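Notes follow once the structure below has been shown.
Just so it is clear, none of the values below were taken in a lab; they were calculated from the coordinates. What you see is a predicted model; the values in this text were computed from it and never measured. Methodologically, a virtual Cβ is constructed for each residue, glycine included, from the backbone with ideal geometry; neighbour enumeration extends over all protein chains shown.
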Amino acid sequence: MTCPQDYRGNDHNTPEAFSQYLRQLAADNVCLSDSEAEPHYFRGELEEFYIGFRDRLNFPALVQEGSEIRFTTDAAQNAFKERESSFIIVQNYAEDNDYDAIYAAFDTCERIGDEIIRKMNLDKFEAECMVVKDFRLEDVTAIQIQNVKERYVGVRYSFTTRTPFWDEIDTRKWR
């Protein structure tokens with residue numbers, strides 16, 4: 001049995017919609033230039049950053065993490081879905097003690113990540129993807145991270161968006 005689509009037509013508030021958006025940013029950004037032949041966009045989790053990615057990365061890379069979701073209500077009892085989304089910009093380096101190269105890799109990650117954030121901030125005015133439409137620059141945090149064993153660094157960007165949650169049930173999905 002397949003479930004009917006959301007009767008409110010809210011297919012733009014899905015993890016897949018945000019993934020497609022980020023993948024397109026990775027393709028359009030000249031530093032990443034994600035393509036089928038040379039992928040620079042990956043789905044992964046923070047744990048993989050520290051233990052080693054299951055897929056071979058082409059550097060630099062944009063790694064999209066899964067989201068954490070919370071449901072909230074406001075004083076008027078309006079319901080909301082709050083989605084904490086994260087991505088990591090990752091760059092490798094060659095030598096363990098080459099701190100100039102390590103910090104140059106951090107700089108590369110930050111420059112690319114900041115540009116992605118700038119694009120999201122601009123796109124929010126015309127985006128179909130609800131995660132982007134509710135994007136607020138003041139909700140972004142970024143932190144430098146490093147995997148010494150694998151010789152790569154990254155900057156992890158995270159932010160929370162808040163979209164309406166229709167708390168009425170769809171009677172087509174119940175017997």
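Projecting the Cα atoms of LEU32, TRP166, ASN121 onto the charge dipole of the chain, computed from C-beta unit charges around the Cα centre, puts TRP166 farthest toward the positive end. Dipole of the chain (Lys/Arg Cβ +1, Asp/Glu Cβ -1, origin at the Cα centre): which of LEU46, TYR103, PHE59 lies farthest to the positive side? Looking along the dipole axis, the top candidate is LEU46. Report, in debye and to the nearest 20, how large the dipole of the range 34-81 comes out about its Cα centre when Lys and Arg carry +1 and Asp and Glu carry -1 on their Cβ. In total the dipole reaches around 160 debye. Under the criterion of Cα pairs below 8 Å and six or more residues apart, the relative contact order for the chain equals 23 percent. Label-to-label distance for THR14 and THR141 is 3.0 nm, based on points extended 7 Å past Cα in the beta-carbon direction. Build a GNM of the chain with springs between Cα atoms under 10 Å apart, and of GLU65, GLU126, GLU84 the one that fluctuates most is GLU126. Ellipsoid fit via the Cα gyration tensor, the chain: semi-axes of 34, 17, 15 Å, each the root of five times an eigenvalue, largest first. Our helix-only sum for the chain, with -39,500 (n - 2.57) per DSSP H run of n ≥ 4 divided by its residues, gives a mean residue ellipticity at 222 nm of -8500 deg cm²/dmol. Computed from the Cβ-Cβ distance with R0 of 41 Å, the FRET efficiency linking TYR103 to THR171 stands at 0.10. Axis of helix 99-123 versus longest Cα principal axis of the chain: the two differ by about 30°, to the nearest ten degrees.
Using Cβ point charges alone (K and R +1, D and E -1), the dipole size of the range 47-143 about the Cα centre works out to roughly 440 debye. Rounded to the nearest 10 degrees, the angle from helix 15-28 to the longest Cα principal axis of the chain is 40 degrees.
The residues packed around GLY66, meaning those with a beta-carbon under 9 Å from its beta-carbon, carry a net charge of -2 if Lys and Arg are +1 and Asp and Glu are -1. Note on ASP55/CYS31: beta-carbon distance plugged into 1/(1 + (r/R0)^6) with R0 of 22 Å gives a FRET efficiency of 0.65.
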